[in-house]
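Just so it is clear, none of the values below were taken in a lab; they were calculated from the coordinates. Just so it is clear, the structure is predicted and the values come from calculations on it, not from any experiment. Cβ coordinates were reconstructed from backbone atoms using ideal geometry, including for glycine residues, and neighbour counts include every protein chain displayed.
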Amino acid sequence: MFFNPEDSSAPGLRKRLWLNYAAALILVTASTASLLFCPCDLPGRNPRAWPLITLSVIFGLAAGAFAYRLLQRYTGITVLLRALYAVAIVAISVYVEFDLATDLIAWLARPGNLR
């Protein structure tokens with residue numbers, strides 16, 4: 001369920017919740033996009049890739065902060081578990097987006113797909 005009854009009772013709280021969802025999604029996508037601009041196949045071996053990797057980590061941490069704020073309404077778990085869940089959600093999201101984007105780029109690079 002996306003909303004708890006007490007969270008969604010006020011329109012302002014519902015709007016703020018959806019803005020947090022949107023901000024987290026935008027930051028995850030920005031993190032993935034900065035990884036896609038990486039100038040090589042193995043980012044650790046190219047010194048020009050480190051600024052993009054750093055930017056991706058910064059966007060990922062910001063997305064993790066928004067995901068943590070979204071998980072704060074669940075009071076049954078500890079702060080440490082909420083933080084781990086937020087990091088895991090962002091890491092999995094970036095991985096899935098990156099995998100889908102690279103597959104799409106490879107598909108578009110095949111001859112005859114852009115006609």
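Side notes on the structure shown:
- The label-point distance for residue 109 and residue 79, in a model that sets each label 7 Å from Cα toward Cβ, rounds to 4.6 nm.
- Most to least packed among 99-112, 56-69 [average Cβ atoms within 10 Å]: 56-69, 99-112
- Look at the alpha carbon pairs under 8 Å that are at least 6 residues apart: their mean separation over the length of region 29-115 gives a relative contact order of 29 percent.
- Extension reserve of the residue 29-residue 96 stretch, reckoned as 0.36 nm per residue once the Cα distance is removed: 23.1 nm
- For region 11-109, the C-alpha radius of gyration divided by 2.2 N^0.38 Å, with N the number of residues, is 1.23.
- Between the Cα long axis of helix 79-109 and the first principal axis of the chain there is an angle of about 30°, rounded to the nearest 10.
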